[in-house]
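Read the structure below first, then the notes.
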Amino acid sequence: MQLLPDPVRRLAAWCAVLLLVAGVGWVGVRLCGEFRTAVTPVLLALLGTALLGPLHRRLVRAGVQASVAAGLTCVAVVAVVGGAVCIVVAALIGTGDEIIASLRHAAKSVAARFGAAGTGLDDLAVNSRKLLSRFGSTAASNVISGVSVVGESLAMAVLALLLVFFFLRDSHLAVQTLRALAPRGSGDMLEAVARRAFQAVEGFMRGTTVIALIDALCITVGLLILQVPGAVGLGALVFVGAYVPYLGAFVSGTVAVLVALADRGFVIALWALGVVLAVQVLEGHVLQPVIQSRTVQMHPAVVMLAITAGASVAGILGMLLAVPLTAAAFGVVQELRTRYAAPSSAAPAGPSAETPPGS
């Protein structure tokens, strides 16, 4: 190694470090995938704790017992999430027939104008019984697998809710446990890093929730003015989709525009598109800088790469968890940079300190 130039040795050292970090990360991802039924509720519970922590602390400061405050917070979450799901499902059920009828009417118009090329949707509806009879076994197996997935999701949701209760109630024990597990002499640094990571996730979740609420209210009001069916349900869909930055807003806005196009026509769809674009401009240029100015700021390219990586690893759940975990990683990097940069920034003060008072 002494025969190699110094830049080559540094490059080799950095390559070894990168390979080691990549290997450890790959093993961690594989282990999380193998134990996803236990890891997923823990990650969701951490996000829920970061979002609901301020409410729990306010209740405790108001004199409510910690266990009762955690229980009330979890009940509030169930009420809000359950209400949003009911609104979305009711809106989809109420307007599903109208949307399908509008699409069938559009298919007939396309068929009348372009001939047989536009009859695919109508033929699919007419021949649905033949398709079901031909692929009945496949459909039945898919239904069974879908039921098992739904059952697993419900079990993980219940476990995540219980973990949120325990994390909120016993949050004061987290620091003690972390210090007990830390190697000798690294307790302070590990606690500071953990606090910075959790603060980054907490700030991200709180800011995203406020932005999602404002987006949903603005889009709901705009769709109600345009008399688009299911405006409340579409607004709830916008609220849920806002937790996946950029992509979630794009998907929920596209759904709203398609519903307006199917039921109200091309002109109203253009107005709905204008409402969605105006809300996105408001979010990108006003809400994001103002509301999330004190949280970890990430470049949009970093966010998109994190979402893509999360989708490739864990699908929709990975898209939901990718950005908060990236925010936590940014918080850890900032804390480590602050700690290790402090001695070097304080070094220039040495010579001035040694200068005699009378000089």
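Being closer than 28 Å to A216 by Cα and modelled with pLDDT of 85 or more: is that true of V68 here? Taking the combined requirement at face value, the residue does not satisfy it. Among the residues of the range 1-42, write down those that are open to solvent by less than 50 Å² (accessible area, probe 1.4 Å) and in contact with a helix residue (DSSP H, G or I) (Cβ under 8 Å, 6 or more places away or on another chain). Within the range 1-42, G33, V39, T40, P41 qualify. Screening V323 with (1) β-branched (V, I, T); (2) surrounded by fewer than 19 Cβ atoms within 10 Å (Cβ to Cβ); (3) at pLDDT 80 or above gives one miss only, at (2). Among the candidates R169, R206, R184, R195, the residue that is of a type in the set (D, E, K, R), open to solvent by 40 Å² or more (accessible area, probe 1.4 Å) and within 20 Å of the chain's Cα centre (by Cα) is uniquely R206.
Here's the yes/no breakdown for (1) under 20 Å from the mean Cα position of the chain (by Cα); (2) charged (D, E, K, R); (3) closer than 29 Å to G207 by Cβ; (4) outside any helix (DSSP H, G or I):
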residue	(1), (2), (3), (4)
Q227	no, no, no, yes
V244	yes, no, yes, yes
V255	yes, no, yes, no
L261	no, no, no, no
G274	no, no, yes, no
Q280	yes, no, yes, no
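When V296, V238 are checked against the criterion of being modelled with pLDDT of 80 or more, within 22 Å of G203 (Cα to Cα) and open to solvent by less than 60 Å² (accessible area, probe 1.4 Å), a single residue qualifies: V238. All conditions but one from (1) modelled with pLDDT of 75 or more; (2) farther than 23 Å from A236 by Cβ; (3) touching a Ser or Thr at 6+ places or on another chain (Cβ under 7 Å) apply to A329; the one that does not is (3).
What are the residues in the range 213-235 that are open to solvent by 20 Å² or more (accessible area, probe 1.4 Å) and either among the small types (G, A, S) or without any contact (Cβ under 8 Å) to a residue 60 or more places away in the chain (or both), if any? Talk me through it step by step, then tell me what you get.
Keep residues of the range 213-235 that are open to solvent by 20 Å² or more (accessible area, probe 1.4 Å), which gives 213-214, 217-218, 220-221, 224-227, 229-230, 232.
Selection gives L213, L217, T220, V221, L224, I225, L226, Q227, G230.
Only residues that are out of contact with any helix residue (DSSP H, G or I) (no Cβ under 7 Å at 6 or more places or on another chain) and under 21 Å from L217 (Cβ atoms) were counted across the range 265-280, and they come to 4. Within the range 197-205, is there a residue that is without any contact (Cβ under 8 Å) to a residue 40 or more places away in the chain and out of contact with any His (no Cβ under 6 Å at 6 or more places or on another chain)? No. If you go through the range 43-69 and keep only what is assigned to a loop (DSSP other than H, G, I, E, B) and either surrounded by 20 or more Cβ atoms within 10 Å (Cβ to Cβ) or on the phi > 0 side of the Ramachandran plot (or both), you end up with just G63.
Can you give me the number of residues within the range 253-291 that are open to solvent by 40 Å² or more (accessible area, probe 1.4 Å) and out of contact with any Asp or Glu (no Cβ under 7 Å at 6 or more places or on another chain)?
Filtering the range 253-291 for residues open to solvent by 40 Å² or more (accessible area, probe 1.4 Å) gives 254-255, 258, 261, 263-264, 266-267, 270-271, 273, 277-278, 280-282, 284-286, 288-291.
After this cut, where a residue has to be out of contact with any Asp or Glu (no Cβ under 7 Å at 6 or more places or on another chain) as well, the list is 254-255, 258, 261, 264, 266-267, 270-271, 273, 277-278, 280-282, 284-286, 288-291.
Selection size over the range 253-291: 22.
The values are calculated or read from the model by the stated rules, or taken from the named source; none is laboratory data. Treat the numbers as computed from the prediction; the structure is a model and nothing was measured. Cβ: placed from backbone, ideal geometry, glycine included. Neighbour counts: every protein chain shown. Just so you know, the surface numbers come from the protein's heavy atoms only, side chains and all, with ligands and any DNA or RNA stripped out. Shrake-Rupley method; radii C 1.70, N 1.55, O 1.52, S 1.80 Å.
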